[in-house]
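Notes to accompany the following structure.
Rule-based calculations on the coordinates, nothing more; no lab input. What you see is a predicted model, and the numbers here were worked out from it, not measured in a lab. Cβ placement follows ideal geometry from the backbone for every residue including glycine, while neighbour counts extend to all protein chains displayed.
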Amino acid sequence: MTYCLGILVEGGLVLAADSRTNAGVDYISSYQKLFDFSLPGERVIVLCTSGSLSTSQAVIYNLERDLKTAEAVNLHNLPTLYNVVEHIGDKLRQVEERDRPWLQKDGIDYQSSFIVGGQIGSAPPELYLIYGQGNFIRATPETPFLQIGETKYGKPILDRTLTYQSSMADVAKSALLSIDSTMRSNISVGPPINIVLYDTNSLAIEKRAQLGRNSPYLRQMRQHWEESLRKATHEMPDIEWNNLDAASAPDFGLED
């Protein structure tokens, strides 16, 4: 399992991913899950992957090969990000159609999903989630973030801290908090964390980081967050207990 997320706000995009791959308790490894296919000055395309490692690696290999061999259709000549996402979805279907019979026979999950974010030319930045079947959805101002993988632990932080008007600095912090909270609660998600920040209309990624387990910033962020939560909990108004007696207590239909 892994955890990847993409966030689209007025100021740009943030994409982040952990690097852990879990093939059982005896085989836990780290593999890159965030890939940059940008052509600086013309287009920015960033991918995050989750699910079957063999499937996602095959898709990434095919996308890289098409660029090296200057195929007629590749990530650097498609006119819109929507077309790019369609193309990646087609590549995903091709790999899954080839491998599905063999993997299904042994009960192995063959599906992968992708988050794709970027900007091409003067078109506005966009963010997409490609499902394992190759279809996809797009982030909107009302739903500015997309997640794949082990999503449930990191979602509450994003729900409570993000809006479409959030600053890029705050978006990056929320993304790291979301991944760190997931790592805290699920051992199948782990460092290093890769994160990129893209400013709208810059057509180049100028801010990126890789944070390992012993990263000073992660330790500082984790300590600050936990201390702030404890302080906020302590300062919350006390509960007003109803002190209902047994006769007036509500009946929830529970049997003895």
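I need Tyr153, Tyr198, Tyr31 ordered by Cβ neighbour count within 10 Å, fewest first.
Lowest count first: Tyr31, Tyr153, Tyr198.
What is the distance, in nm, between label points placed 7 Å from the Cα along the Cα-to-Cβ direction at Ile239 and at Lys155?
2.5
May I ask you to work out the translational diffusion coefficient for the stretch 126-167 at 20 °C, viscosity 1.002 mPa s, via Stokes-Einstein with Rh from the Kirkwood sum over Cα pairs, reported in whole µm²/s?
My calculation gives 187 µm²/s for D.
Which of the GluC sites (Glu not before Pro) found in the stretch 117-191 are in a DSSP loop and have at most 10 neighbouring Cβ atoms, other than their own, within 10 Å?
Sites meeting the loop and neighbour criteria: Glu142.
May I ask you to derive the FRET efficiency for Ile137 and Arg65 from their Cβ-Cβ distance with R0 = 25 Å, giving the value to the nearest 0.05?
The computed FRET efficiency comes out at 0.35.
Taking the highest mean first, how do the peptides 226-237, 2-13 order by number of other beta carbon atoms within 10 angstrom per residue?
Going from most to least packed, we get 2-13, 226-237.
Given +1 on the Cβ of Lys and Arg, -1 on the Cβ of Asp and Glu, and no further charges, what dipole in debye does the chain carry about its Cα centre, rounded to the nearest 20?
Computed about the Cα centre, the dipole is about 1020 debye.
Between Lys231 and Glu97, what's the calculated FRET efficiency when r is the beta-carbon distance and R0 is 51 Å? Round to 0.05.
The calculated FRET efficiency here is 0.40.
What number of lysine-lysine pairs in the chain show an alpha-carbon separation below 29 angstrom, given a sequence spacing of 8 or more or placement on distinct chains?
21
Counting only helical runs of four or more DSSP H residues, what would the 222 nm mean residue ellipticity of the chain come to if each run contributes -39,500 (n - 2.57) and the total is spread over all its residues?
Roughly -11500 deg cm²/dmol at 222 nm, from the helical runs in the chain.
Would you tally the net charge around Gly132, using a Cβ to Cβ cut-off of less than 14 Å, leaving Gly132 out, and scoring K and R as +1, D and E as -1?
-2
Looking at the chain as a GNM with Cα springs under 10 Å, which of Ala139, Ala70, Ala17 has the largest mean-square fluctuation?
Ala70
Expressed as a rounded percentage, what relative contact order does the stretch 3-234 have, with Cα pairs under 8 Å and six or more residues apart?
29
In the stretch 119-187, what trypsin sites (Lys or Arg not before Pro) fall in a loop by DSSP, with at most 15 other Cβ atoms inside 10 Å?
Within the stretch 119-187, the qualifying trypsin sites (Lys or Arg not before Pro) (loop, at most 15 other Cβ atoms within 10 Å) are Lys152.
If you take the charge dipole of the stretch 3-234 about its Cα centre, with +1 on Lys and Arg Cβ and -1 on Asp and Glu Cβ, which of Pro191, Ile60, Gln119 is farthest toward its positive end?
Pro191
Rank Thr182, Tyr31, Leu5 by how far each Cα sits towards the positive end of the charge dipole of the chain (+1 on Lys, Arg Cβ; -1 on Asp, Glu Cβ) and give me just the farthest.
Final value for the positive-end residue is Tyr31.
Can you put Arg222, Arg98 in order of Cβ neighbours within 10 angstrom, beginning with the fewest?
The order, fewest Cβ neighbours first, is Arg98, Arg222.
Taking 1 over the mean of 1/r across every pair of different Cα atoms in the chain, what Kirkwood radius in Å do you get?
About 19.9 Å for the chain.
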